[in-house]
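The block underneath contains the structure these notes are about, expressed in C-alpha cells.
Values in this text are rule-based calculations from the coordinates and carry no lab data. Owing to the predicted nature of the structure, the values given are computational and were not obtained by experimental measurement. Heads up, the Cβs are rebuilt from the backbone with ideal geometry, glycines too, and the neighbour counts pull from every protein chain shown.
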Amino acid sequence: MADFYNISCKKSYKVAVYSIPIDTMKIKSLIVTLVLLLPVAPLLQAETPAEKEARMKWFNEARFGMFIHWGVYSGAAGNFKGKPVPGAGEWLQSGGKIPAAEYREELLPKFNPLKYDPEAWVIAAKNAGIKYLVITSKHHDGFCLWDSKLTDLDVASTPYQKDLLKPLEEACRKHGIRFCLYHSIMDWSHPDYATKGPWRGNASNPKPDMDRFNAYLKGQLDELITAYHPGILWFDGEWEDAWTHERGEDLYNWLRKNDSKLIVNNRVDKGRKGMEGHTTDAKFKGDYGTPEQRIPPTGFGEGVSWESCMTMNGTWGFKADDQKWKSTETLVQNLIDIASKGGNYLLNVGPTGEGEIPTASLERLAEIGEWMKVNGESIHGTTASLFSKTSWKGRSTTRQLPDGGTRIYVHVFGQPEGGVITIDQLVTRPAKVTVLVHNGTPQISGSEGAWKIRLPEGSLQKFATVFALDFPVKPKIQAAIAKP
Ligand code: H79
C-alpha cells in the first residue's frame, strides 16, 4: 500500500509522499508525480494559423453550447444547516465560510441524484440547437463528479457512488453533441492549494505545496482526458496568486501535447482582463476568450475565438429561491447578438441535487429550440456581421456559400414600423431575398446603401424574424453610406 498525504480532511487525498522504505507502489507514484511535474513548454511544436483554425473549426461553427454547474452544492440549493447562504449557489462553501471538513461531512452523505437522466439532458440541449456541453468535473469546492483515483472527495463517497460523467459523455456521443469539461484550478478543499484560509482545506497545513497540488491537478486531468476525451478543457479560478503564468503556460503545453485536438480556454493562464474575459497579450496561453455574464460591445476581429458564458437566472449552481429568470426573448436575442459578433453563447443550467434541470430552464430551452428549428441556419456555422452598425432593430450574421456566393442573414427584433426595414451600408442589391419561415416572398425596393425590405404578411416570428439575402459574389458594404 502507498502512504497517502493526509492533512486536514478525515479522508485522504491520494497524493503519494516520498518516504523510506520505498516499495514498488511508491516508486510508481514517485515516477508518475515527477513526470507530471516536468515542464513541457520547450517540447511543444508551434502551431501554424491554419492548424489552429482546423483545431478550432467545430468550436467556431457551433455558436451555441450548454454550461452545466452541478455538485454537492446543488443539493444544498443555497442553504447550509438550515440557513440561507448569500451569493451564487456554487460558491456556498465560500459564502458560508464553511470549513472543508464540515462541508464534506454535511453535504456528501446527502448527495444522491436518483432522478439523473443524462440522455434527457442531452436531448433537451440538442433540441434547443446546442452543439456542445461543458459540465463541472470539479468546481472551486474540490468535489469531483467522477470516481477519481487521487481523492475521495468525489461522487464515489456519496450514496449515489456511480460516475456521473461517463453516462453523460456516452449520451453526448450517441446524439452528436461534443462533451467538454469545466475544471477549477482554485481548490478550496485541497490541503496543498496555497491560498490560505481558515475555512479552506489547507487550514491546518502550515506548508501548502503548489508543486504537489500541480501534480494532483495534472493527475486528475490525465484521468479525465483518458476516460472522457473532452473537446474543451474549461479552466476557471486562475486569478489567485497561488496560480502563476509559468504554471498556466506549462499546463497548457502539457495538455496540448497530451491531446493534440484539445481546445483550452484562456483561464488556464493569467491573461484575461477581469470579467470582460479577453486576453490581449500574446505571451499568455489559451485558445479563446471567456467574457462572463456579459456580451462584448463588438467582437475581437477575424480569427479570434471567444465565448460568453451566462446564466439563465442569477446563479450557476442550483439555488432554490433564485427565480430571476431571463425571458426566452432575451436568451434568443443574446444568442443572435453574440453570433453577430463572431462568438459563442455558453448558456448555463444548474440541475438540482436530485439530478433534474429546473422546469423554468427546460421551458426556455424548448422555446429556443422552436425558434432554432426555423432559424438555426442563421446561427450555426455563420461568421460575424459585415455591418459596423445595423440600421434596423436587430442583428446580422454571414455565411460563405459553397458556390462562392455570400448569404447575409438579417435578424429583425420585434415588429418593424409598417412591416418594412431599411438596410443601410449595403451597396450591392441582393440577387434573392427569402424569409426563413418560408411564409411569402419579401419585397425589396430602395437604392444602394438604403435597401428597403417588406416583411411578407404573417411572417413575423416570436423573438426574431430572419431574412436571407443572397449574393453571387461578395457584397459591397460601405460604412460611409450609413445615415447617422
Ligand atoms: O463557475 C462560475 C462561477 O462560479 C465562476 N465562474 C463562472 C463560470 C466565478 N468565479 N468567480 N466569479 C465567478 C466571480 C469572481 C470574480 C472575481 Fe475577479 C475574482 C473578482 C476578482 C477576482 C476575475 C478575476 C474577475 C476579476 C478578476
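Miscellaneous remarks
- Amide H contacts for residue 424 (H built 1.01 Å from N in the peptide plane; partners 5 or more residues away or on another chain; cut-off under 5 Å): 391.
- In this structure the amide hydrogen of residue 394, modeled in the peptide plane, comes within under 5 Å of the amide hydrogens of 413, none closer than 5 places in sequence on its chain.
- Considering every alpha-carbon pair of the stretch 261-355, the percent of pairs per 10 Å bin, from zero through the bin containing the longest distance, is 16, 42, 31, 12, 1.
- Annotation for the stretch 298-357: GluC sites (Glu not before Pro) lying in DSSP loop with at most 15 further Cβ atoms inside 10 Å of their Cβ are 302, 354.
- Both radii were evaluated on the Cα set of the stretch 49-378; the Rg over Rh quotient, with Rh as the Kirkwood radius, amounts to 0.94.
- Taking trypsin sites (Lys or Arg not before Pro) across the stretch 382-452, the ones in a DSSP loop with at most 16 further Cβ atoms lying within 10 angstrom of their Cβ are 389, 393.
- Antiparallel DSSP beta bridges within the chain, as percent of all bridges there, nearest 5: 55 percent
- Here residue 174 is the anchor, and the lysines within straight C-alpha reach of less than 25 Å, apart from those fewer than 8 places off in the same chain, are 57, 115, 126, 131, 138, 162, 166, 261, 373.
- Remark: relative contact order (the chain) = 15 percent; criterion is Cα-Cα distance under 8 angstrom and separation of 6 or more residues.
- Under a 5 Å amide H cut-off, with hydrogens placed 1.01 Å from N, residue 349 pairs with 67, 68, 69 among residues at least 5 apart or on other chains.
- Calculated FRET efficiency for the pair residue 476/residue 110, C-beta based, R₀ 51 Å, to 0.05: 0.20
- Summed residue charge, Cβ within 14 Å of residue 77's Cβ, Lys/Arg positive, Asp/Glu negative: -2
- 3J(HN,Hα) from dihedral phi, the stretch 197-202, Karplus parametrisation 6.51/-1.76/1.60, rounded to Hz, x for glycine, proline: x, x, 9, 8, x, 9
- Low-density loop cleavage sites - GluC sites (Glu not before Pro) in the stretch 225-270, where at most 14 other Cβ are within 10 Å (DSSP): 240
- Straight-line cross-link reach from residue 432 at under 18 Å between alpha-carbon atoms covers these lysines, not counting any fewer than eight positions away in the same chain: 452, 474, 476.
- For the stretch 305-393, pairs of C-alpha atoms spaced more than 22 angstrom apart make up 33 percent of the total.
- Computed from phi, the 3J(HN,Hα) profile of the stretch 179-190 under the Karplus parametrisation 6.51, -1.76, 1.60 (θ = phi - 60°) reads 9, 9, 10, 8, 9, 6, 6, 4, 9, 6, 9, 6 Hz, with x in place of Gly and Pro.
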